[in-house]
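Taking it in order: structure first as structure tokens, then the write-up.
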Amino acid sequence: MSTAGDTSDSDDVAPGAEERRPGDIDFQQGLILLYEEEDVAGAEAAWRQADAQGHPGAATHLGLLAYHERRDLAAAEIAYARGSERGDGNGAFHLGLILESRGDLEAAEAAFARGDALGHGGAATNLGVVLHERGDIAGAEAAFARADQRGHGGGAFNLGLVLDARGDLVGARAALLRAHERGEPGADDALAALLRP
């Protein structure tokens, strides 16, 4: 099974002017500082301001900085939890990754489920893996299908494997082709194995 790894901002979408939330301007400024000017300290300062205003994405990005820049798992977990509580699917996903790495699968499943409910493809994929490992194949298939619908390569790949296991070769081939088109590692090999007589 393929799991979604640490993708820092794949689900970030700049809200339109009519959707402005408190902290949006500071959050966007942080993105510009980090990605265009490579100013980590400036981005962190902007995200702290946005976080203080309750911005969900800013909390998650502070978690990403804590994790990637300082390897401070405790601070990252707290920030991801804050982002998740505020409705950021990326925060829920990253919280799930930390909890899973710690072996707290029940809490990780809850975090992935929250991220999935918030529309995060990676969270849906990882939820599907947890469910599959637990023996809930129908729940896993549904989670993988949601991830696939959101354009997640790992979701399409895992959906293809589940469909193949239950004998739906047409569905498996279609899902694995989508995984291949999305650049999912292993999709080529799985397609080749599926097409062998």
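A short reminder: the numbers here are calculations on the coordinates, not readings from a lab. Everything quoted here is computed from the prediction, not taken from an experiment. Please note: Cβ atoms are built from the backbone with ideal geometry, for glycine as well, and neighbour counts cover all protein chains shown.
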For the stretch 119-197, calculate the relative contact order in percent as a whole number, restricting contacts to Cα pairs under 8 Å that are 6 or more residues apart.
24 percent
Amide H of A4 versus every other amide H placed in the peptide plane: which residues, excluding those fewer than 5 positions away on the same chain, fall under 5 Å?
N126
Expressed in angstrom, Rg and Dmax over the Cα atoms of the stretch 119-197 are 11.3, 38
Net charge within 13 Å of A79 by Cβ-Cβ distance, Lys/Arg positive one each and Asp/Glu negative one each, not counting A79 itself?
-3
What list of ³J(HN,Hα) couplings, whole Hz, do you get for the stretch 128-135 from phi and the Karplus terms 6.51, -1.76, 1.60, once you set θ to phi - 60° and write x for glycine and proline?
x, 5, 4, 5, 4, 4, 7, x
Which longest run of the chain has no exposed loop site in it, a site being GluC sites (Glu not before Pro) in a DSSP loop with at most 11 other beta carbons within 10 Å, and the site itself not part of the run?
39-197
5 Å-binned pair-distance histogram of the chain (Cα, whole percent)
1, 9, 15, 18, 16, 14, 11, 8, 5, 2, 1, 0
Electrostatic dipole magnitude of the chain [Cβ: Lys, Arg +1; Asp, Glu -1; Cα centre; debye, to 20]
540 debye
Would you mind calculating the relative contact order of the chain from Cα pairs under 8 angstrom and at least 6 residues apart, reporting the percent as a whole number?
14 percent
Please work out the FRET efficiency for the pair A74 and E19, using the Cβ-Cβ distance as r and a Förster radius of 30 Å; give the result to the nearest 0.05.
0.40
Computed for the stretch 119-197: size of charge dipole around the Cα centre, +1 on C-beta of each Lys and Arg, -1 on C-beta of each Asp and Glu, debye to nearest 20, value 120 debye
Select from the stretch 40-105 those trypsin sites (Lys or Arg not before Pro) which occupy a DSSP coil region and have at most 14 other Cβ atoms within 10 Å, ordered by residue number.
R71, R102
Kirkwood Rh, angstrom, the stretch 20-108 [1 / mean 1/r, Cα pairs]:
12.7 Å
